[in-house]
1. For region 266-295 and region 117-136, what is the separation of their Cα centres, given in Å?
2. List the relative contact order of region 11-303 as a percent without decimals, with contacts defined as Cα pairs under 8 Å and 6+ residues apart.
3. Please give, to one decimal in nm, the separation of the simple spin-label points placed at Glu120 and Asn239, each 7 Å out from Cα toward the Cβ.
4. Dividing the Cα radius of gyration by the Kirkwood radius, what Rg/Rh value follows for region 11-303?
5. Report the residue, chosen from Ser40, Ser200, Ser116, that carries the largest GNM mean-square fluctuation when the chain is represented by alpha-carbon nodes joined by springs under 10 Å.
6. Which cross-chain or sequence-distant (5 or more) residues have an amide H under 5 Å from the amide H of Val98, H modelled 1.01 Å from N in plane?
7. What is the Cα convex hull volume of region 20-86 when expressed per residue in Å³?
8. Stretch Val49-Lys104 to full length: gain in nm at 0.36 nm per residue minus the Cα-Cα span?
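Read-outs throughout are calculated quantities, based only on the coordinates presented, and are distinct from any laboratory measurement. Just so it is clear, the structure is predicted and the values come from calculations on it, not from any experiment. Quick reminder, even Gly has a Cβ in these numbers, built from the backbone with ideal geometry, and neighbours come from all protein chains shown.
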Amino acid sequence: MTMSPTPPIPVGVRLPLPSDNLPPAELVKMCRAALDMGYSSFWVGDHVVMPETSMSAYPHTSSGTPGFNAHTPWVDPLLQLTWLAAQLPEARFGTSIVIMTLRKPTLLAKQLATISWLTERPFSFGVGTGWLRDEYDAVGMPFEKRGTQARKDIAEIKQLITEGARTYIVRGEHDEPVEKRFIMKPTAPSPIEFLWGGFSPMAMRLIATSCDGWLPAKQSLEALEGHILRLKEACDEANRDFNDLRLVAKPGSGPDPESGPIDRDNLLGYAELGFHEAILEMPYEPAGIGDAISVLERVAARSWL
């Protein structure tokens, strides 16, 4: 069978983490090679600080242990994508995901509006609340009720990046609380879509009421089918048209995840479920650019080339 030169649905790339084996210049070369093969977009993950030991269980593996540790290098996702966008004007970018409730929403809004103004292209802002209590404690943000806080933060950020103004309660002349209107310019000239990363009942409600789409991690096609039914129910309860949501799948850890490799059959399965894009998770730290490009070639060859 002759395969199509393009995948059944677009396939993005979750980028490797920084390392001596893949320095910045080599990372850009890898991204250009990926674009030449037909990959559609580039995504980066997020952690601010990591504890050397933790009692928190990682939710995306059966063992509860992540595929990284305290010494795994993470760069700031928004800084990295702004830098890449300057060198890859034809590429799309997104986060998968930013732990938004580790940060103040006003500052996040300023960063997102700046990215939009500098890059002049749409941006996919994959967000979630994370799983690591220790990280919240370290940066001084509350871990409890973070889902409720995320809903408020999304509303605040959207208002700032679109309207450029918001009313805040501040201290008055005699330290009494007063309402004052603040301005934030520039606003975001290009669309910024909010994609929620979870699949709990709270996540489904949050997607239906506050987000533009869904970016679930490491779920099999069978599991996704059930989650989509629950998401549709949440949309019905919120009087939201499910078809307005953009769905992005992240099949699993690495090019051959336990939840199914990215290949033509799986991509067709995601398309049948209504997904608009899939993300290949690259190995966290490949041996070098040759190793990274080999992964990209292998997945593309069995999926569309």
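1. If you average the Cα positions of each part, the centres end up 20 Å apart.
2. Reported as a whole number, the value is 20 percent.
3. 4.0
4. Looking at region 11-303, the ratio lands at 0.97.
5. Result: Ser200 has the largest fluctuation of those listed.
6. Gly126, Val127, Gly128
7. Convex hull of Cα atoms, per residue: 130 Å³.
8. Once the chain is fully extended between Val49 and Lys104, it gains 18.2 nm.
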